[in-house]
Each structure stands twice: as C-alpha cells, then as structure tokens.
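*Asks:* Shown below is the structure under consideration.
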C-alpha cells in the first residue's frame with residue numbers, strides 16, 4: 001500500500017485467540033473492502049491486552065470504519081499501537097489452507113517473505129508449507145514476514161500453532 005489508512009482499536013481482550021476471533025467478527029460486520037489488513041498488537045503496561053488495527057485502502061473506507069467502531073463503543077485511535085502487528089486478515093489469507101509451496105504463498109498473498117527459524121537463507125520456492133489453516137505473519141521493517149520452522153518430511157509449518165496449550169495447563 002502506498003499510503004495506508006490505519007485505525008487502532010483498544011479492546012479488553014487479553015488472549016491472542018480471542019483477539020483473532022474478535023478481529024474476524026468485526027471485519028465481517030464492517031464489510032472491509034478488498035485489500036484491507038487486520039492485525040493484533042500486544043499492549044503491555046498497566047493494563048496488558050491485545051489491541052487491534054485495521055488498514056484500509058482509502059480515506060473514505062477509514063472514516064466509515066472509524067464511525068462504525070465508535071458507534072459500537074470501541075476506543076479508536078488514528079494509528080496502530082505499534083509497527084509490528086501480527087496479521088490475521090490480509091489479502092490472500094483465505095487461500096492459505098492445506099499445503100502450499102513457498103512460491104504459492106508469496107505470489108498468492110500479501111506475505112512478502114518467509115523466514116525459517118535457524119536458517120539465514122530463504123526457503124526454496126518449491127518447498128511445501130503445511131499451513132494448518134493458521135498463517136499469522138508479522139510486520140517487520142515494513143515487510144509482512146511469516147516465520148516458519150522445519151517439520152516432518154522436509155516441509156515447513158508456520159511457527160505459530162493454531163491451538164496453543166496454555167501455560168501450566170496440566171498443573
């Protein structure tokens with residue numbers, strides 16, 4: 001996007017999965033235009049929580065989103081909470097299901113790059129990525145980067161798992 005139109009949304013949510021669900025629900029209710037992004041942001045401090053941001057392709061769309069969110073009672077800010085948002089909604093995300101190659105992921109979505117843990121080199125374009133239907137890249141220096149790790153059979157999987165075990169779940 002050449003000139004992003006961004007809005008931040010404060011929430012009372014403290015868990016990423018709950019924030020993902022809220023973001024997807026709001027995006028559906030807002031009927032965001034094609035090319036929009038929705039991200040989660042960890043907010044630390046006196047009141048730790050997960051904030052949201054939406055980036056839309058025009059000022060008119062931004063104003064409509066701002067008005068609808070304010071009408072729902074959300075605290076809205078004119079910018080994202082930080083520059084390292086975790087993308088939940090982005091162009092091409094709906095097609096990132098099952099297994100795709102790195103080349104398909106990069107050409108069919110807004111993701112700019114794949115970084116593999118423990119490797120300084122980018123993965124080969126033909127390498128398979130098992131998405132687990134949960135692909136959450138993060139903004140890093142203006143690029144949308146998916147962190148992946150090696151998996152069985154010479155494949156990759158996104159580093160973030162779709163259903164993490166809560167800390168101390170078995171204690």
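*Asks:* Being over 14 Å from residue 30 (Cβ atoms) and without any contact (Cβ under 8 Å) to a residue 24 or more places away in the chain is the filter here; which residues of segment 71-88 pass it?
*Replies:* 73, the sole residue that qualifies.
*Asks:* May I pose another question? Does segment 27-38 include one or more residues that are in contact (Cβ under 8 Å) with a residue 12 or more places away in the chain, more than 20 Å from residue 110 (Cβ to Cβ) and in a helix (DSSP H, G or I)?
*Replies:* In the first step, residues of segment 27-38 are kept if they are in contact (Cβ under 8 Å) with a residue 12 or more places away in the chain; the result is 27, 29-30, 32-38.
Filter once more, keeping what is more than 20 Å from residue 110 (Cβ to Cβ): 29.
If we keep only those that are in a helix (DSSP H, G or I) too, we end up with 29.
Checked segment 27-38: at least one residue is in contact (Cβ under 8 Å) with a residue 12 or more places away in the chain, more than 20 Å from residue 110 (Cβ to Cβ) and in a helix (DSSP H, G or I).
*Asks:* What number of residues within segment 66-84 satisfy the criterion of being under 18 Å from the mean Cα position of the chain (by Cα) and at pLDDT 95 or above? Break it down stepwise before answering.
*Replies:* Kept after step one, since they are under 18 Å from the mean Cα position of the chain (by Cα), are these residues of segment 66-84: 79-84.
From what's left, at pLDDT 95 or above: none.
Here the count works out to 0.
*Asks:* If you check 76, 93, 84, 100, which single one turns out to be on the phi < 0 side of the Ramachandran plot and in contact with a helix residue (DSSP H, G or I) (Cβ under 6 Å, 6 or more places away or on another chain)? Lay out the reasoning, then the answer.
*Replies:* Numbers: 93 fails: in contact with a helix residue (DSSP H, G or I) (Cβ under 6 Å, 6 or more places away or on another chain); 84 fails: in contact with a helix residue (DSSP H, G or I) (Cβ under 6 Å, 6 or more places away or on another chain); 100 fails: in contact with a helix residue (DSSP H, G or I) (Cβ under 6 Å, 6 or more places away or on another chain).
Answer to the selection: 76.
*Asks:* With respect to residue 52, determine if the residue is modelled with pLDDT of 95 or more and not in a helix (DSSP H, G or I). Talk me through it step by step, then tell me what you get.
*Replies:* Details: modelled with pLDDT of 95 or more: yes; not in a helix (DSSP H, G or I): yes.
So residue 52 passes the test.
*Asks:* Oh, and also: Scanning segment 1-26 for residues that are free of Cβ contacts under 8 Å to residues at least 40 places away in the same chain and assigned to a loop (DSSP other than H, G, I, E, B), which turns out nearest to residue 70 (Cα to Cα)?
*Replies:* Of everything passing the filter in segment 1-26, 12 is nearest to residue 70 (Cα to Cα).
*Asks:* Residue 68 versus (1) touching a strand residue (DSSP E or B) at 6+ places or on another chain (Cβ under 6 Å); (2) over 29 Å from residue 129 (Cα atoms); (3) without any contact (Cβ under 8 Å) to a residue 60 or more places away in the chain: which is the lone unmet condition?
*Replies:* The failed condition is (1).
*Asks:* Which residue out of 42, 62 is outside the structural domain of residue 134 (by TED's automatic domain parsing), surrounded by fewer than 17 Cβ atoms within 10 Å (Cβ to Cβ) and not in a loop (DSSP other than H, G, I, E, B)? Don't jump to the end; show me each part of the working.
*Replies:* Working: 62 fails: surrounded by fewer than 17 Cβ atoms within 10 Å (Cβ to Cβ).
Step by step, each of 42, 62 is checked, and only 42 is outside the structural domain of residue 134 (by TED's automatic domain parsing), surrounded by fewer than 17 Cβ atoms within 10 Å (Cβ to Cβ) and not in a loop (DSSP other than H, G, I, E, B).
*Asks:* Can you name the number of the only condition in (1) within 30 Å of residue 12 (Cα to Cα); (2) surrounded by 14 or more Cβ atoms within 10 Å (Cβ to Cβ); (3) in contact with a strand residue (DSSP E or B) (Cβ under 6 Å, 6 or more places away or on another chain) that residue 113 fails?
*Replies:* Status for residue 113: all satisfied but (1).
*Asks:* Separate question: With the checklist (1) over 23 Å from residue 26 (Cα atoms); (2) exposed (fewer than 14 other Cβ atoms within 10 Å of the Cβ); (3) in contact with a helix residue (DSSP H, G or I) (Cβ under 9 Å, 6 or more places away or on another chain) in hand, flag the one item residue 119 doesn't pass.
*Replies:* Status for residue 119: all satisfied but (3).
*Asks:* Something else about it: State which residue is modelled with the highest pLDDT when the search covers only segment 135-171 and only residues that are crowded, with 16+ Cβ neighbours inside 10 Å and closer than 17 Å to residue 15 by Cβ.
*Replies:* 136
The values are calculated or read from the model by the stated rules, or taken from the named source; none is laboratory data. What you are looking at is a predicted structure, and each value in this text was computed from that prediction instead of being measured. Here Cβ is always computed from backbone atoms with ideal geometry, including for glycine, and neighbour counts include all displayed protein chains.
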